[in-house]
Amino acid sequence: MKIGLINPNKVIKYPGIHIGLGYLASYAMKQDDTIQFQLLDTRIDSTKEQENFLNTKFDILGITATSQVFDEALEISSDYKSKFPDVPICIGGAHVSTVKSDVLKHKPFDFAISGEGEETFYELIKHVKGEYDINLITGLFYRNQLSKIVANPARAVIQNIDEIPFPAFEIFKINKYPQHRLTTSRGCPFNCVFCNSRSIWTNKWRKRSAQNIIDEITFLINKYGNKPFVFNDDSFNIDLKRVHEFCDKLIATKLNPIWSTSIRVDRIDEEIAKKMKASGCYCVSIGIESANNDVLKLMSKHITKEKIYDGIQLLRRTGIDVTGQFMIGNPGDTLETIKESIDFANNSNLSSVEFYTALPYPDSDLYTFVMEHGKMLTDVDCSQYHKINPRVVYETPEFPYDDKIKAINLAIEAGYYHALLTDKKNWLFDTAKDFTKLVLKITGPKLGNNIYLFLRKIYNTSKK
């Protein structure tokens, strides 16, 4: 059986392996080694490679999409369906988990998967082969013979994620990606109002063991070379014992990779920070969101600006860069609280700063807040939010539209507003990554990583 997988991400700033698609493929091939996968990444594949892929008839076409890239997914699927109307198309990813069965109102899609996809997608493959009853596939939406949309029950999450095989890296053109990416945990035990990641992972945090992560890092370096690693977890340091164990094991390998991740800045101490640094951690991202304690409380962040500040200083003293991420428009926000956040960003020793506007995605507490307390300024669905410029989709009595525009302009003047960053300056960072890959091959990790970090620092400075 031949299956095509697509990662539509032309508008995404930096290329990156789609770990979710890699897991879909590896899980299915572990169950049935006769299944073959071919992958299209619209961010890195050439025009000719894309044409060849989209002119290939597969047994199933699987496509993933966040809300930001859903239009591209829809366009690709519509074009493919016009060529091969009998090929079933399944869409999954964050957008499906957000809008649920509504995604099937778009005709190109025959099936949709919500939540974790490995088990559901494999059972769908068996159904297409005539070996599995579609009514038994939890986590699946589909259109029946009467064109009625059917929503099967939700699927329970996989408890032991160590049992999932490493992503099928062989289906990616690894040499075209500047970084290695991996996921060390799934879910987040916190419930910040703006976040709807629970739609995919639930609030249950599940971790891979330290040794399992080390095994994947070792495999990637030995097979594909030593490149900077990104751990794309919601929060890497929920389990502090695991962080200690992971760092000790990584240091013991003497592979000397450098890595970055997102953390909870209040779950850090000097011993852990030093150990992370010693194991190769060069940067962490922290979701600060606001420098106003009342807003942080209303957002259910369970942290104060004082703890955030102390955590930043600890990390910087250790030699780890800190990217601070802020939001404009959460409950309690006003023009004055945004001024507080910008002032905090200016004076807290952050390595880099990113401001975003809060967007009320369905199935988030922020969406409920806006429906009850605010006013939507557009009737478009969430797949169109990123096309709105300036990116203000709602207002509240405390933070009306005009004040939000002023807040955005203040963030722009400070050089912090992420939504307006374009690809004009990306050549420097892309060059840093590409040059690092070359140097790593010639000299080994130490010199190559130092060059990468130096050019990265220049890039961050150029954004200000």
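Side notes on the structure shown:
- Helix-only mean residue ellipticity at 222 nm for the chain, each DSSP H run of n ≥ 4 adding -39500 (n - 2.57), per residue, nearest 500: -12000 deg cm²/dmol
- Mean Cβ neighbour count within 10 Å, used as a protection proxy, ranking 27-35, 321-329 highest first: 321-329, 27-35
- Hypothetical label at residue 36: residues of segment 59-102 whose amide nitrogen lies under 12 Å (7 Å Cα-Cβ projection): 59
- Exposure proxy order (Cβ contacts within 10 Å, fewest to most) of 5, 314: 314, 5
- Greater than 28 Å apart at Cα, pairs in 10/83; 339/375; 173/241; 10/57; 2/254: 173/241; 2/254
- Segment 255-293 and segment 160-182 have Cα centres spaced 23 Å apart.
- Within segment 49-97, the proportion of Cα pairs with more than 18 Å between them is 27 percent.
- Were the residues from residue 170 through residue 206 laid out at 0.36 nm apart, the gain over their Cα-Cα distance would be 10.4 nm.
- Between residue 47 and residue 86, the simple spin-label model (points 7 angstrom out along Cα→Cβ) gives 3.3 nm.
- Against the empirical 2.2 N^0.38 Å (N residues), segment 179-421 has a Cα radius of gyration ratio of 1.06.
- Straight Cα distances below 19 angstrom link residue 129 to the aspartates and glutamates 32, 33, 59, 86, 110, 118, 119, with same-chain residues fewer than 8 positions distant left out.
- Considering only Cα atoms, the convex hull volume of segment 2-151 works out to 105 Å³ per residue.
- In plain terms, the chain from residue 132 to residue 256 could stretch by 40.0 nm, reckoned as 0.36 nm per residue minus the Cα-Cα distance.
- Taking 20 Å as the straight-line reach from the Cα of residue 387, the aspartates and glutamates in range (excluding those fewer than 8 positions away in the same chain) are 71, 72, 75, 354, 379, 395, 402, 423.
- Long-range amide H partners of residue 5 with built H, under 5 Å: 38, 39, 40, 62
- Pairwise Cα inverse-distance average, inverted: Kirkwood Rh of segment 191-232 (Å): 12.8 Å
- Beta bridges by DSSP in segment 130-234, antiparallel share as percent, to the nearest 5: 60 percent
- The chain: relative contact order as a whole-number percent, Cα under 8 Å and 6+ apart: 11 percent
- Where a label projected 7 Å from the Cα of residue 78 along Cα→Cβ would reach, residues of segment 97-133 with amide N under 17 Å: 103-110
- Available extension along the chain between residue 160 and residue 269 is 36.4 nm, counting 0.36 nm per residue and deducting the alpha carbon span.
- Beta bridge orientation in segment 179-421: antiparallel %, DSSP, nearest 5: 15 percent
- Pairs from the list 223/307; 100/223; 13/207; 81/223 with a Cα-Cα gap above 30 Å: 223/307; 100/223; 81/223.
Each value in this text was obtained by applying a stated rule to the coordinates, not by laboratory testing. Worth saying up front: this structure is predicted, and the values here are computed from it rather than measured. Every residue, glycine as well, gets a Cβ built from its backbone with ideal geometry; the counts of neighbours run over all protein chains shown.
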